[in-house]
Amino acid sequence: MRRPLMAGNWKMYKTAAETAAFFEMFNPLVAHSTHCDIVICPPFPNLAAAVEATRGTRVEIGGQNLYWAKEGAYTGEVSGPMLAAVGAKWVIIGHSERRQYFGETDETVLKRTVAALGAGLKPIVCVGERLEEREAGQTEAVLRAQFAEGIAPLAPELFARIVIAYEPVWAIGTGRTATPEIASEAHRFLRAQVEARYGRAPAAQACILYGGSVKPDNIKGLMAQVDIDGVLVGGASLDAASFAAIVNF
């Protein structure tokens, strides 16, 4: 049985003080939520505050990106060892906003994933199609290419340590959510890609999250789908009561 993972991506929101205030409210709401793993990924400046605020709880903290070099003259970048040193356990890689605004490619997704694993972090590797690609019937072709170039080169022992997040770009921050059936269809396709590359047992064990306008009122329908193992939540993870309701679906 795959263990559910409920992850929150705060994007570019909250200060360190707001981070501490969030966890003061959030931690008691999920103190008994032993049915799933919980991860929150705040902006880099708030990582230390988030790690401190969740010390002694079951909530784990992650970064929203990392660079593939361990150190060097890369102004503005953050490395895997730096994330690990501050207490982060996870990192989001290849989010659609990184692909859309900052030139992320499947090749750089793979390099970041390898770097994250080398630093002992657990990567949440994002894939997903844009609206025009879905409307053109290209969803499976896009997912196949993103998997083949950004994930499949990983050796089996490395693949076993990652989480995949399916994020239809047209459903992120738009209020448009893929129906549970649409999401499940994409998850089934991705699991088939895993099976073709790594075998039946790794495919059965692979954790695949859904991301895209997840809210308390649609979480039950999504989590009822056999191939959806959890969610990567954006806006709804910024409010403690809202994200706790999602965690406690």
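One table, with the values for the structure above:
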{"item": "Qualifying residue in the range 228-248 (condition: modelled with pLDDT under 95, among the aromatic types (Phe, Trp, Tyr) and in contact with a strand residue (DSSP E or B) (Cβ under 9 Å, 6 or more places away or on another chain))", "result": "no"}
{"item": "Looking only at the range 238-249, and only at residues there that are among the hydrophobic types (A, V, I, L, M, F, W, C) and within 15 Å of residue 5 (Cβ to Cβ), the one that is surrounded by the fewest Cβ atoms within 10 Å (Cβ to Cβ)", "result": "249"}
{"item": "Enumeration of residues in the range 46-64 that are surrounded by fewer than 19 Cβ atoms within 10 Å (Cβ to Cβ), among the charged types (D, E, K, R) and under 20 Å from the mean Cα position of the chain (by Cα)", "result": "58"}
{"item": "Counted residues, the range 112-158 - those being at positive phi and out of contact with any strand residue (DSSP E or B) (no Cβ under 9 Å at 6 or more places or on another chain)", "result": "2"}
{"item": "Unmet criterion (only one of (1) under 18 Å from the mean Cα position of the chain (by Cα); (2) at pLDDT 95 or above) for residue 178", "result": "(2)"}
{"item": "Residue within the range 99-111 that is in a strand (DSSP E or B), farther than 19 Å from residue 148 by Cα and either touching a residue at least 40 places away in the same chain (Cβ under 8 Å) or in contact with a helix residue (DSSP H, G or I) (Cβ under 6 Å, 6 or more places away or on another chain) (or both) present", "result": "no"}
{"item": "One residue from 31, 17 being exposed (fewer than 15 other Cβ atoms within 10 Å of the Cβ) and not in a loop (DSSP other than H, G, I, E, B)", "result": "17"}
{"item": "Helices (runs of 4 or more DSSP H) contained in the range 149-237 and holding at least 3 residues surrounded by fewer than 22 Cβ atoms within 10 Å (Cβ to Cβ) and without any contact (Cβ under 8 Å) to a residue 24 or more places away in the chain", "result": "180-198, 200-205"}
{"item": "Single residue of 199, 235 found to be small (Gly, Ala, Ser) and under 20 Å from residue 40 (Cα atoms)", "result": "235"}
{"item": "Of the criteria (1) of a type outside the set (Val, Ile, Thr); (2) within 14 Å of residue 238 (Cα to Cα); (3) under 19 Å from the mean Cα position of the chain (by Cα), which one residue 24 fails", "result": "(3)"}
{"item": "Restricting the range 34-53 to residues that are outside any helix (DSSP H, G or I) and out of contact with any strand residue (DSSP E or B) (no Cβ under 6 Å at 6 or more places or on another chain), the residue that is nearest to residue 236 (Cα to Cα)", "result": "42"}
{"item": "Residue match in the range 69-83 (condition: assigned to a helix (DSSP H, G or I) and either surrounded by fewer than 22 Cβ atoms within 10 Å (Cβ to Cβ) or modelled with pLDDT under 95 (or both))", "result": "yes"}
{"item": "Cβ pairs under 7 Å, 6+ apart, first in the range 12-24 and at pLDDT 95 or above and among the β-branched types (Val, Ile, Thr), second surrounded by 14 or more Cβ atoms within 10 Å (Cβ to Cβ) and in a loop (DSSP other than H, G, I, E, B)", "result": "19/42"}
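The values are calculated or read from the model by the stated rules, or taken from the named source; none is laboratory data. The shown structure was predicted, so the numbers you read here are calculated from the model rather than taken from an experiment. FYI the Cβ positions are ideal-geometry reconstructions off the backbone, even for glycines, and counts take in every protein chain you see.
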